[in-house]
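Notes follow the structure.
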Amino acid sequence: MTLVASQFASSYVFYWRDYFADQPLLYPPGFDGRVVLYPSNQTLKDYLSWRQADCHINNLYNTVFWALIQQSGLTPVQAQERLKGTLAGDKNEILFSQFHINYNDEPQMYRKGTVLVWQKVDEVRTQEVRLPAEMEGERMTVTRTRTRPVPLYCDLIGDAFWKEHPDILSGEN
């Protein structure tokens, strides 16, 4: 896991200018990673459900916080004070009544977070195929099936995801 976090951090810095050419990197980033063994599939599902709920709570707060700053002109301290002690329903009401934002209409990527799953994906390429004795090859379309991480923006908390991807929890323990 330390290798993954290290490689991600160095790649993040290395490729920063490719994606944000006009925005300097203001400080060195830090990332962490964890490998955790859970005693059962149910415990794993509970943990991932909790993480997704936490993503939702944090995003709802940040959506309101930044709307208060960017659209209402509050300072960060004022926005934080305005949100202190509010519940999800209060934040939804602020978004809707003050900014005409229905939080349920926000993209699932922000409300649910990103789930990466390994999926078989067909890669189609055109390449030159040549027999050893031939000087010139023939251009052909070749399809290869590979397993790749695919981002999904979906609900992990209900049963639908787990029924759609039963291979993730194969071998109930």
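The values are calculated or read from the model by the stated rules, or taken from the named source; none is laboratory data. Just so it is clear, the structure is predicted and the values come from calculations on it, not from any experiment. Quick reminder, even Gly has a Cβ in these numbers, built from the backbone with ideal geometry, and neighbours come from all protein chains shown. Just so you know, the surface numbers come from the protein's heavy atoms only, side chains and all, with ligands and any DNA or RNA stripped out. Shrake-Rupley method; radii C 1.70, N 1.55, O 1.52, S 1.80 Å.
Within region 39-86, which residues are of a type in the set (S, T, N, Q) and more than 30 Å from residue 167 (Cβ to Cβ)? It would help to see each step written out before you state the result.
So in region 39-86, the residues of a type in the set (S, T, N, Q) come out as 40-43, 49, 52, 58-59, 62-63, 70-72, 75, 78, 80, 86.
Selection gives 62, 63, 70, 71, 72, 75, 78, 80, 86.
In the condition set (1) of a type in the set (A, V, I, L, M); (2) open to solvent by 90 Å² or more (accessible area, probe 1.4 Å); (3) within 30 Å of residue 170 (Cβ to Cβ), residue 57 is compliant with all but (3).
Of the set (1) under 20 Å from residue 116 (Cβ atoms); (2) in a loop (DSSP other than H, G, I, E, B), all apply to residue 136 but (1). Checked against the criteria, residue 97 counts as modelled with pLDDT of 95 or more and assigned to a helix (DSSP H, G or I). Residue count for region 21-38 under the criterion of being open to solvent by 100 Å² or more (accessible area, probe 1.4 Å) and modelled with pLDDT of 90 or more: the result is 4. Taking every residue in region 139-160 that is within 14 Å of residue 117 (Cβ to Cβ) and of a type in the set (Phe, Trp, Tyr) and pairing it with any residue that is open to solvent by 90 Å² or more (accessible area, probe 1.4 Å) and at pLDDT 90 or above, at least 6 positions away or on another chain, the pairs with Cβ-Cβ distances below 9 Å are 153/110. From the set of residues in region 124-173 that are at pLDDT below 90 and among the acidic types (Asp, Glu), which is nearest to residue 55 (Cα to Cα)? It comes out as 167.
Applying the selection to region 66-94, what residues are part of a loop (DSSP other than H, G, I, E, B) and aliphatic (A, V, I, L, M)?
Scanning region 66-94 gives 74, 87.
Number of residues in region 95-132 that are without any contact (Cβ under 8 Å) to a residue 40 or more places away in the chain and either at negative phi or open to solvent by less than 100 Å² (accessible area, probe 1.4 Å) (or both): the value is 26. Mind checking whether some residue in region 84-96 is under 30 Å from residue 41 (Cβ atoms) and either more than 16 Å from the chain's Cα centre (by Cα) or not hydrophobic (A, V, I, L, M, F, W, C) (or both)? For region 84-96, residues under 30 Å from residue 41 (Cβ atoms) and either more than 16 Å from the chain's Cα centre (by Cα) or not hydrophobic (A, V, I, L, M, F, W, C) (or both): present.
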